[in-house]
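Accompanying notes for the structure given below.
The values are calculated or read from the model by the stated rules, or taken from the named source; none is laboratory data. As the structure is a computational prediction, the values presented were derived from the model and not from experiment. Glycine gets a Cβ as well: all are built from the backbone with ideal geometry, and neighbour counts include every protein chain shown.
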2 protein chains.
Amino acid sequence: MADNPIIALDAMGGDFGPRVIVPAAALVLKEKPDARLILVGQQDAIKEQIALHGLQLSENLQIHHAAEIVAMDEAPAQALRKKKDSSMRVAINLVHEGRANAVVSAGNTGALMATAKFVLKTLPGIDRPALMTTLPSLMGHTHMLDLGANVDVGANHLFQFAVMGSITAAAVDNIENPRVGLLNVGSEAMKGNAQVKAAEPLLQNSGLNYIGFVEGDDIFTGDVDVVVCDGFVGNVSLKSAEGVAKMITQLMKEEFTRNWLTRLVGLAAMPILKAFRKRVDHRAYNGASLLGLRDIAIKSHGGADAYAFSNAIKVAMLEVEKSLPQRIEKHLETLLEKESA
Amino acid sequence: MADNPIIALDAMGGDFGPRVIVPAAALVLKEKPDARLILVGQQDAIKEQIALHGLQLSENLQIHHAAEIVAMDEAPAQALRKKKDSSMRVAINLVHEGRANAVVSAGNTGALMATAKFVLKTLPGIDRPALMTTLPSLMGHTHMLDLGANVDVGANHLFQFAVMGSITAAAVDNIENPRVGLLNVGSEAMKGNAQVKAAEPLLQNSGLNYIGFVEGDDIFTGDVDVVVCDGFVGNVSLKSAEGVAKMITQLMKEEFTRNWLTRLVGLAAMPILKAFRKRVDHRAYNGASLLGLRDIAIKSHGGADAYAFSNAIKVAMLEVEKSLPQRIEKHLETLLEKESA
């Protein structure tokens, strides 16, 4: 393995393809000139963007040609079977062949999940990879999984998510015993659905720093490091939070642009509003990890801009530095030994 | 039935009991002097607050004594069996006996659900009442159910929620064919969990204005009038939205109070920030309906202040005016006839 991690970028993925991926690579190289990035995709389109941004190909910025593109709405099974020369597939292959240490894609989520699972394989004890992201909180950030990869899960899957989430948070945040919470509903009569009730004892006996049930609002307080839930709930929670944040931003904009007086005040308040926006900028949190694979794969938001995509690349670099899959595998081995003992 | 609706208020419920419920009643009477409110609970405690707020008992503001109180953390079954003279139970009884047209309580949600179901009974075809609330959106507001009353539900329950939600939105918003959406996850490989997939054809053939799947962020855009989901997902979605809104408010406050200069700008921006806050003030949306009962029961947030609780009373008055349970019953009868036909 090289001293500096090699990251394969699916240059054709996402809503904008190389128009975003190439300048994102440039942003990363500006900050980390030793990084080694491989742009995978149609070389003419990539070269055009490289020229447009005044970049030079080098050991740190390479192109690996791939002729096909997985469409954003293509059926995952179709992409997996038919698009063997797609930028997504070839980028994943590079990781499998040891020619890259991680892959980052803003492409079709389902196709990425299916292809990554097929090519890279899951770790022993893991049924399907889970999607984990980082969200801002009052005290810093919170990790949350699953976010949509697994919608019908049992208690044992929630347990797997908790283990993988805890190891990841410990590694990337340099904390010893991340607080793990199980997402549940509030003060209702029947607390929790069937899976959550069944997962509770597993987590209590897991050896993790399990702090019990948490509710939707706890994600943003900083009182928990890893929030565990099924993919359906996680996806709805994340999108609800995004939706309300967008609405608030829009309503605030409306109030500040209501008339010339409010516009004037808005002008004076601009640096404050900018500082505020920076703290809740979702682009800073772009890059969800596909956990449970033998290698590192990062999913970027499809609509990411260059800044957002550059953050997804950095997530990949950090996970390579921390040898995340190896850490998770080691922990799972211990758990599986315990079970069979 | 009286010309003006009679609302029974659980005066001991919630975090603050009569200290909030009595001034809330006063707020309603100030705006609607013809309203008829019955304060149910310990009469000494209620009278103390009536005196404190300089109010007079009258035909419009009465006290109905009840000696016991259901604790906020009491087991619902326990409250139902043992607390037969609680303010909550007696207020519900008044509705059952036809002495009030609706009940409003900020008390223990589980106990309220269980007691209301036991005393008031559900409508034919409804298994359990659902909890529905209104949320702000960019275009006005959105109705959402279930919010935690039912955590393990099947497709038929989601269908019942859709029917009840549609009728309610049509009645209270005076719109003809409310757009009904089924909450689902995004562009993932396996779209939807088992219940959602099974509910989809039921909704397509329901005769409702069913617009298909919606995602968490659609709740706040104004593109849908009624969002249908199971209680687990609904509760997490609502709490996640609340959590991120609270975080955003807190971070904005931090930026505006960072130093004397930002404080000065904050002072100038005060009217704008106030106007903005008013538009996202969750107190304006207090009052969730227990739908599917033979009578009207409204759940207020436990931590509601007088303004928030007064809005829950107004929700009750509106539903009485619209004869909501009768409307729902009529529609359900038609559906049941169709099924058996």
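Summary table below
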{"quantity": "Meets criteria (at pLDDT 95 or above and either crowded, with 17+ Cβ neighbours inside 10 Å or among the aliphatic types (A, V, I, L, M) (or both)) for residue A:318", "calculated": "yes"}
{"quantity": "Residues located in the stretch B:53-81, provided they are part of a helix (DSSP H, G or I) and in contact (Cβ under 8 Å) with a residue 12 or more places away in the chain", "calculated": "B:76, B:77, B:79, B:80"}
{"quantity": "Boolean, residue A:207 is part of a loop (DSSP other than H, G, I, E, B), more than 22 Å from residue B:74 (Cα to Cα) and more than 9 Å from every other protein chain (Cβ to nearest Cβ)", "calculated": "yes"}
{"quantity": "Residues of the stretch B:219-240 satisfying the condition of being touching a strand residue (DSSP E or B) at 6+ places or on another chain (Cβ under 7 Å) and surrounded by fewer than 21 Cβ atoms within 10 Å (Cβ to Cβ)", "calculated": "B:221, B:222"}
{"quantity": "Residue that is farthest from the other protein chains (Cβ to nearest Cβ) [pool: residues in the stretch B:252-302 that are among the aromatic types (Phe, Trp, Tyr) and more than 19 Å from residue A:244 (Cβ to Cβ)]", "calculated": "B:260"}
{"quantity": "From A:266, A:303, residue being at pLDDT below 95, closer than 24 Å to residue A:73 by Cβ and small (Gly, Ala, Ser)", "calculated": "A:303"}
{"quantity": "Residue check, residue B:221 of a type in the set (Ser, Thr, Tyr) and more than 9 Å from every other protein chain (Cβ to nearest Cβ)", "calculated": "no"}
{"quantity": "Filter result for residue B:189 (at pLDDT 90 or above and among the aliphatic types (A, V, I, L, M))", "calculated": "no"}
{"quantity": "Selection status of residue A:80, buried (at least 18 other Cβ atoms within 10 Å of the Cβ) and closer than 25 Å to residue A:303 by Cβ", "calculated": "yes"}
{"quantity": "Any pair with Cβ under 9 angstrom, 6 or more apart, that starts in the stretch A:86-97 at a residue that is assigned by TED's automatic domain parsing to the domain that holds residue A:68 and without any contact (Cβ under 8 Å) to a residue 60 or more places away in the chain and ends at one that is of a type outside the set (Ser, Thr, Tyr) and part of a helix (DSSP H, G or I)", "calculated": "A:89/A:79; A:89/A:80; A:89/A:111; A:89/A:119; A:93/A:119"}
{"quantity": "Residue A:314 vs. criteria charged (D, E, K, R), under 18 Å from residue A:133 (Cβ atoms), touching a strand residue (DSSP E or B) at 6+ places or on another chain (Cβ under 8 Å) and outside the structural domain of residue A:141 (by TED's automatic domain parsing)", "calculated": "no"}
{"quantity": "Selection status of residue A:269, of a type outside the set (Ser, Thr, Tyr), farther than 25 Å from residue A:170 by Cβ and crowded, with 20+ Cβ neighbours inside 10 Å", "calculated": "yes"}
{"quantity": "Residue B:121, sole failed condition from (1) modelled with pLDDT of 90 or more; (2) of a type outside the set (S, T, N, Q); (3) closer than 26 Å to residue B:75 by Cβ; (4) under 13 Å from the mean Cα position of the chain (by Cα)", "calculated": "(4)"}
{"quantity": "Any hit, the stretch A:244-259, residues being modelled with pLDDT under 95, surrounded by fewer than 18 Cβ atoms within 10 Å (Cβ to Cβ), β-branched (Val, Ile, Thr) and within 28 Å of residue B:219 (Cα to Cα)", "calculated": "yes"}
{"quantity": "Contacts under 9 angstrom Cβ, first residue in the stretch B:253-280 being assigned by TED's automatic domain parsing to the domain that holds residue B:138, partner at pLDDT 85 or above and not in a helix (DSSP H, G or I), 6 or more apart", "calculated": "B:263/B:257; B:266/B:257; B:272/A:258; B:275/A:258; B:279/B:136; B:280/B:136"}
{"quantity": "Qualifying residues in the stretch A:134-158 (those that are surrounded by fewer than 23 Cβ atoms within 10 Å (Cβ to Cβ) and of a type outside the set (A, V, I, L, M)) - the one nearest to the other protein chains (Cβ to nearest Cβ)", "calculated": "A:152"}
